[in-house]
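All remarks here apply to the structure that follows.
The values are calculated or read from the model by the stated rules, or taken from the named source; none is laboratory data. Because the structure is a prediction, the values reported are computed rather than measured. Reconstructed Cβ throughout: ideal geometry from the backbone, glycine too, with neighbour counts over all protein chains shown. The protein model used for the area step is the full one, side chains on, heavy atoms only, and it has no ligands, DNA or RNA in it. Shrake-Rupley method; radii C 1.70, N 1.55, O 1.52, S 1.80 Å.
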Amino acid sequence: MDPEEQELLGDYRYRNYSSAIEKALRNFESSSEWADLISSLGKLNKALQSNLKYSLLPRRLIISKRLSQCLHPALPSGVHLKALETYEIIFKIIGTKWLAKDLFLYSSGLFPLLANAAMSVRPVLLGLYEKYFLPLQKSLLPGLQAFLIGLLPGLEEGSEIYDR
């Protein structure tokens, strides 16, 4: 556990924020179909936005695992889009410092998506890459190989995504 996280655990507002996120994460346990996942992601989004004061997210590992599960290729694009919306909320909250530190958490779900993503999902995913991952510059180096391996198979010559 990070020293910053240890310090935040003493703050009752952060503990309440953590409890709200834990409650939202419990919704995933009872999800039995893709529509339930979209609902669970909506509740997680609401919990994440309930206190934007903290740039350090509680339960980061569990959040990242659930988001990765929501990006499974067998799920419909609506679930993927909702999960990407959640990623964007998280990246806005945590900023580049924590994204660089937790790159391995969030990249495990995002990087493999492009090859299997629907056409409606690809521009949103590339937007996340451009807006949040490319500004990391040298901090992206530990995950650069995975980033490129995930990016290249999804590119089709002649498409607007290829040009981008």
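Descriptive notes on the structure:
- Qualifying lysines (Cα of each under 16 Å from Cα of LYS101; at least 8 residues distant if same chain): LYS92, LYS138
- Percent carbon-and-sulfur accessible area, the stretch 18-164, ignoring ligands, DNA and RNA, probe 1.4 Å: 55 percent
- Magnitude of the charge dipole, the stretch 1-129, Cβ model with Lys/Arg +1 and Asp/Glu -1, debye to 20: 160 debye
- For the stretch 1-116, the solvent-accessible area of protein heavy atoms averages 50 Å² per residue (probe radius 1.4 Å; ligands and nucleic acids excluded).
- Stokes-Einstein D in µm²/s, Kirkwood radius over Cα pairs - the chain at 20 °C with 1.002 mPa s viscosity: 130 µm²/s
- Normalised by the number of residues in the chain, the mean separation of alpha-carbon contacts (under 8 Å, six or more apart) gives a relative contact order of 20 percent.
- Size of charge dipole - the stretch 30-88 - debye, nearest 20, with Cβ of Lys, Arg +1 and Asp, Glu -1, no other charges: 320 debye
- Net charge, SER55 excluded, C-beta distance under 12 Å - Lys, Arg +1, Asp, Glu -1: +1
- Residue-averaged [θ]222 nm for the chain, counting only DSSP H segments that reach four residues, each worth -39500 (n - 2.57): -19000 deg cm²/dmol
- Spacing of the two label points (7 Å from each Cα toward its C-beta) at ALA146 and GLN69, in nm: 1.9 nm
- Peptide ranges 105-111, 25-31, 85-91 listed from the most packed, as the mean C-beta count within 10 angstrom indicates: 105-111, 85-91, 25-31
- By accessible area with a 1.4 Å probe, ligands and nucleic acids excluded, highest first: order of GLU22, GLU33: GLU33, GLU22
- Between the stretch 1-58 and the stretch 108-130, the alpha-carbon center distance in angstrom: 24 Å
- Estimated inter-spin distance, THR96 and SER108, nm [label 7 Å along Cα→Cβ]: 2.6 nm
- Estimated distance in nm for a label pair at GLN49 and ARG13, the labels positioned 7 Å out from Cα along Cα-to-Cβ: 1.9 nm
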